[in-house]
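What follows is a short report on a single structure.
The values are calculated or read from the model by the stated rules, or taken from the named source; none is laboratory data. Given the structure is predicted, the values throughout are model-derived calculations rather than measurements. Heads up, the Cβs are rebuilt from the backbone with ideal geometry, glycines too, and the neighbour counts pull from every protein chain shown.
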Amino acid sequence: MIFLDKVNVHSDQFPTRDFYPFNLKLFQRTESITFETPITFLIGENGAGKSTLLKALAIRCGIHIWQSDFNLRFEQNPYEDDLYKTLSVEWKNEPVPGSFFGSQIFTHFAKSLEEWAMSDEKMLNYFGGKSLITQSHGQSLMSYFKSRYKIKGLYFMDEPETALSPQSLIDLLNLLIKISKKGHAQFIIATHSPFLLACPGARIYSFDNHQVQPIQYKNTNYYQLYKNFMNHPEDYIKFYDDNEKQHL
């Protein structure tokens with residue numbers, strides 16, 4: 001199921017071109033991004049703008065993002081959170097609710113859920129039936145994913161691979177495939193994980209050039225780097241003792 005059809009970037013409305021994220025050529029030259037598959041991945045190096053766009057897109061779609069009360073920074077950027085103001089979205093039919101997942105955001109949410117459960121234990125039934133903070137971080141994430149994504153909606157995920165083991169990533173991949181086939185959920189995911197990117201039929205957009213462009217899984221830097229590293233780790237490891245290299 002496709003709910004969100006397209007996002008348009010109105011660069012003519014940028015308040016500045018001197019501050020992040022408006023100083024990125026990527027946003028200045030990308031006019032729109034279409035979402036033609038139930039699962040879409042955004043990839044790119046840190047600072048490329050994928051997570052920034054993901055958050056801005058969620059806000060523009062009317063989805064609440066949990067925020068920490070502590071937002072002090074040494075260097076303030078008055079435009080850092082303003083990208084959503086220059087975006088417009090097009091829906092396939094009508095807007096749907098959803099959620100935004102981020103690892104830091106999830107920590108605050110799990111603690112809040114624990115406080116709510118103190119007065120209403122049944123609150124935990126919506127998230128796997130047990131406390132999220134008494135499980136390991138990876139286990140609590142999977143409990144949340146399995147429960148939350150049963151609900152019809154549009155779901156944004158910012159680097160969900162954080163704190164997940166390789167096996168848990170494969171479990172998450174299969175969960176995403178299973179849920180998307182049911183036709184009640186659409187996912188837009190920023191990630192560095194080649195495990196998740198292997199999702200059959202998913203669209204992958206690269207943020208590593210001056211314009212957002214689709215890319216095939218085996219052409220991504222992640223796939224090539226992981227494959228080459230596994231085959232020839234000695235090519236990537238800096239040895240300080242020649243004897244160490246002989247053990248590989």
Given (1) modelled with pLDDT under 95; (2) part of a helix (DSSP H, G or I); (3) not basic (Lys, Arg), index of the condition Asn174 fails: (1)
Cβ pairs under 7 Å, 6+ apart, first in segment 211-232 and in a helix (DSSP H, G or I), second modelled with pLDDT under 95: Phe229/Tyr236
Segment 55-85: number of residues that are in contact with a strand residue (DSSP E or B) (Cβ under 8 Å, 6 or more places away or on another chain) and modelled with pLDDT under 85: 1
